[in-house]
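Participant: Could you have a look at this structure, given as structure tokens, before my questions?
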Amino acid sequence: MNLQVLARNTRRLRMAKRMSQSALADKSGLSLPAIKSLELARSEPRMRTVQAVAMALDVRLQDLFQPSRVLHTVRFRSAKRMQNRENVLADVARWLDDFSFLEKSLEEPKPFRLGEIRGECSRNRIIESAALCRARLGLNPDEPIHDLCSLLENAGVKVFPIPMASDGFFGLSVGEEDGGPAIVVNVWDRISVERRIFSAAHELGHLMLHPQAYDVARTEESSQEETEANRFASHFLMPSEGFRKEWNEAAGLHYVDRVLKVKRIFRVSYKTVLIRLQEEGVKDDSAWVQFSAAFRKRYNRKLAYREEPMGIDPAEPFGMQEFDFFEDRFSRLTREALEKDRISLSRGAEMLRIGLVEMQELLRNWEVIL
């Protein structure tokens, strides 16, 4: 029994549940000194003590004993202090290890197609860099991106949706040295799908523009890097040529409807469209005020103002659905590994982060079209 691993995991999982040591002691039926001793690795506990802790934390027993790989090339910033940062990194590390196992076992690696042009991308030429990435991925200059998850996955970027109740964390990214490139997106139900899509494109911007910023020890946001990644995301999702074409074709519509139509075409937020109008010189700094007033008059509904891209609550008006941003490569590889007897049913459930009963139901619902 590795006491240090047990101690770290107990503390990490307890903090992820936002439980105090006293609360864990009460829920597990153990004494507070016993919990403190466990987290300080003072002495080897009895197995029934560890089992009680696992039940109280609602985790598997093996989760307390399994060491977590330490990630190094990570860009993980958040607008607010995060108590469960360590837990997120541990979960991402396990997911990356599972992904790597599946790719090797099934002999289905995906090289990073944008890695070849990273040297040509520059934070001093953001719009050109976004256009270069789009061209490398086979997108036309005016083409909307209909399925960003699939586009990224086909380009060799691993995508991990993770629900976290936090309005200060939208995503993170991991470099190739740690099993990436990978993009992790917060899919908490209070975060709009438009925001999730933007977050993924934003993290791609960091991967391409800020390779020197991938240090897990850095936790403070750089406002300059955030601004640059936002601009990259905006032009990657909504290229100028396509934006102008769609905006001009909708010239006969009411201003509000025109904004909402363009937003829906490119799967961005209305705030992204408004910022682009300012960037193109169509609107000045009063663009938000004008749009908000016009929207309220037309739909009898007030919009809450938040700076782009922080729009999370309420959700975007006429917003998209969760299937508009849905990862599927990892789950497909898990299914393939299961069908080829590379993994067991319980291992598949573990990889997909679901229970065995839910895994059995999923198995019954899998169908193949030949």
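Nothing in this text is a laboratory measurement; each read-out follows from the coordinates by a stated rule. Worth saying up front: this structure is predicted, and the values here are computed from it rather than measured. Counting neighbours? That spans all protein chains shown, and the Cβs are built from the backbone with ideal geometry, glycine included.
Participant: How do ARG42, ARG113, ARG12 rank when sorted from fewest to most other Cβ atoms within 10 Å of their own Cβ?
Facilitator: With the fewest neighbours first, ARG42, ARG113, ARG12 line up as ARG42, ARG113, ARG12.
Participant: Could you tell me how many degrees, from 0 to 90 and to the nearest 10, lie between the Cα long axis of helix 3-16 and the main elongation axis, the longest principal axis, of the Cα atoms of the chain?
Facilitator: The angle comes out near 40 degrees.
Participant: Moving on to the next point. With θ taken as phi - 60° and the coefficients 6.51, -1.76 and 1.60, list the Karplus ³J(HN,Hα) couplings across the range 155-163 in order, rounded to whole Hz; mark glycine and proline as x.
Facilitator: 8, x, 9, 6, 10, 10, x, 9, x
Participant: If you don't mind, another one. Report the Cα centroid-to-centroid distance between the range 335-363 and the range 253-297 in angstrom, as an integer.
Facilitator: That distance is 45 Å.
Participant: Related question: Please order LEU38, LEU89 by the number of other Cβ within 10 Å, starting at the fewest.
Facilitator: The most exposed by this proxy come first: LEU89, LEU38.
Participant: Amide H to amide H under 5 Å from GLY171: which residues, 5+ apart in sequence or cross-chain, H placed 1.01 Å off N in plane?
Facilitator: Excluding prolines and chain starts, which carry no amide H, the hits are ASN186.
Participant: Per residue, what volume in Å³ does the convex hull of the Cα atoms of the range 117-193 enclose?
Facilitator: 127 Å³
Participant: Find the relative contact order for the chain and round it to a whole percent, using C-alpha pairs within less than 8 Å whose residues are 6+ positions apart.
Facilitator: Relative contact order of the chain: 17 percent.
Participant: Taking only the C-alpha atoms, wrap a convex hull around the range 13-74 and report its volume per residue in Å³ as a whole number.
Facilitator: Per-residue hull volume (Cα only) is 101 Å³.
Participant: With angles folded into 0 to 90 degrees, how steeply does helix 85-106 sit against the dominant principal axis of the chain? Use alpha carbons for both and round to 10.
Facilitator: Tilt relative to the chain: about 90 degrees.
Participant: Let me ask you something else. Take LEU57, LEU106, LEU148 and order them by how many other Cβ atoms sit within 10 Å, fewest up front.
Facilitator: LEU106, LEU57, LEU148
Participant: Per 5 Å bin, what percent of the C-alpha pairs of the range 190-275 does each bin hold, from zero upward?
Facilitator: Binned Cα distances yield the sequence 3, 14, 22, 20, 16, 12, 7, 4, 2, 1, 0.
Participant: Of the listed peptides 320-330, 196-206, what is their order by residue-averaged count of other C-beta atoms within 10 Å, with the highest listed first?
Facilitator: Order by mean packing, descending: 196-206, 320-330.
Participant: Here's something else I'd like to know. Which listed residue (ALA182, LEU277, MET15) has the Cα farthest towards the positive end of the charge dipole for the chain, taking +1 on Lys and Arg C-beta and -1 on Asp and Glu C-beta about the Cα centre?
Facilitator: Going by the Cα projections, it comes out as MET15.
Participant: What shape does the range 1-159 take by its C-alpha gyration tensor, where a ≥ b ≥ c are the square roots of the eigenvalues and a/c under 1.5 counts as rounded, a/b above b/c as prolate, and the rest as oblate?
Facilitator: prolate
Participant: Shifting gears a bit: In the P(r) worked out for the chain, what percent of Cα pairs fall beyond 35 Å? Working shown, then result.
Facilitator: Numbers: 22582 of 68265 pairs.
Percent of Cα pairs beyond 35 Å in the chain: 33.
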